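The values are calculated or read from the model by the stated rules, or taken from the named source; none is laboratory data. Owing to the predicted nature of the structure, the values given are computational and were not obtained by experimental measurement. With ideal geometry, Cβ positions are generated from the backbone for all residues, glycine too; neighbour counts draw on all protein chains shown. For the accessible areas, the whole protein counts, side chains as well, though only heavy atoms, and no ligand, DNA or RNA atoms are used. Shrake-Rupley method; radii C 1.70, N 1.55, O 1.52, S 1.80 Å.
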Amino acid sequence: VQLQASGGGLVQAGGSLRLSCAASGRTLSNYAMGWFRQAPGKEREFVAAISWSGGSTFYADSVKGRFTISRGNAQNTVYLQMNSLKPEDSAVYYCAASTIATQTPHDYEYNYWGQGTQVTVSS
């Protein structure tokens with residue numbers, strides 16, 4: 001599965017962005033999906049995950065209440081709506097797909113990764 005993440009950019013603190021993750025030529029309905037991020041000099045960290053059905057979601061404490069992960073109606077896109085952005089949210093954001101787990105915050109349980117999209121939040 002080839003994943004393509006998009007939607008990053010520069011936004012002021014308090015603003016919003018919506019990231020998208022699409023698969024080339026196939027549905028993502030059979031995969032649990034996740035978003036991760038990596039800031040310069042830091043390890044990659046879990047952000048949000050959604051089950052293959054879309055019925056269950058899970059968030060890192062740092063983004064809970066501000067970010068929302070969802071699946072598109074066509075089941076070939078996964079979104080990350082990011083509201084009330086903070087400078088500490090600045091990072092490269094990656095989407096990932098898992099055939100191993102139903103819903104997981106562990107990066108080692110994701111089989112497929114997209115290229116990152118940069119999110120920069122200015123203060």
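Quick check on GLN115: is it touching a residue at least 12 places away in the same chain (Cβ under 8 Å), open to solvent by 60 Å² or more (accessible area, probe 1.4 Å) and not in a strand (DSSP E or B)? Don't jump to the end; show me each part of the working.
Values: touching a residue at least 12 places away in the same chain (Cβ under 8 Å): yes; open to solvent by 60 Å² or more (accessible area, probe 1.4 Å): yes; not in a strand (DSSP E or B): yes.
Yes; evaluated as a whole, the condition is true for this residue.
In summary, LEU10 fulfils each of the numbered conditions (1) open to solvent by 20 Å² or more (accessible area, probe 1.4 Å); (2) aliphatic (A, V, I, L, M); (3) part of a loop (DSSP other than H, G, I, E, B) with the single exception of condition (3). Tell me, yes or no, whether region 87-105 has at least one residue that is more than 16 Å from ALA5 (Cα to Cα), in contact with a strand residue (DSSP E or B) (Cβ under 7 Å, 6 or more places away or on another chain), at pLDDT below 95 and open to solvent by 50 Å² or more (accessible area, probe 1.4 Å). Yes, there is a match, as at least one residue in region 87-105 is more than 16 Å from ALA5 (Cα to Cα), in contact with a strand residue (DSSP E or B) (Cβ under 7 Å, 6 or more places away or on another chain), at pLDDT below 95 and open to solvent by 50 Å² or more (accessible area, probe 1.4 Å).
Please report, ordered by residue number, the strands (runs of 3 or more DSSP E) entirely within region 38-94 with at least 2 residues that are touching a residue at least 40 places away in the same chain (Cβ under 8 Å) and farther than 16 Å from TRP113 by Cα. Can you show your working first?
Details: elements: 45-50, 57-59, 67-71, 77-82.
It comes to 57-59, 77-82.
Is it the case, given these coordinates, that ARG18 is under 18 Å from ALA60 (Cα atoms) and either open to solvent by 60 Å² or more (accessible area, probe 1.4 Å) or not in a strand (DSSP E or B) (or both)? Yes; evaluated as a whole, the condition is true for this residue.
Is it fair to say ASP61 is acidic (Asp, Glu), open to solvent by less than 30 Å² (accessible area, probe 1.4 Å), modelled with pLDDT of 95 or more and at negative phi?
Numbers: acidic (Asp, Glu): yes; open to solvent by less than 30 Å² (accessible area, probe 1.4 Å): no; modelled with pLDDT of 95 or more: yes; at negative phi: yes.
Spelling it out, it is not the case that ASP61 is acidic (Asp, Glu), open to solvent by less than 30 Å² (accessible area, probe 1.4 Å), modelled with pLDDT of 95 or more and at negative phi.
Restricting attention to region 79-108, the residues that are over 14 Å from ARG44 (Cα atoms) and charged (D, E, K, R) total 1.
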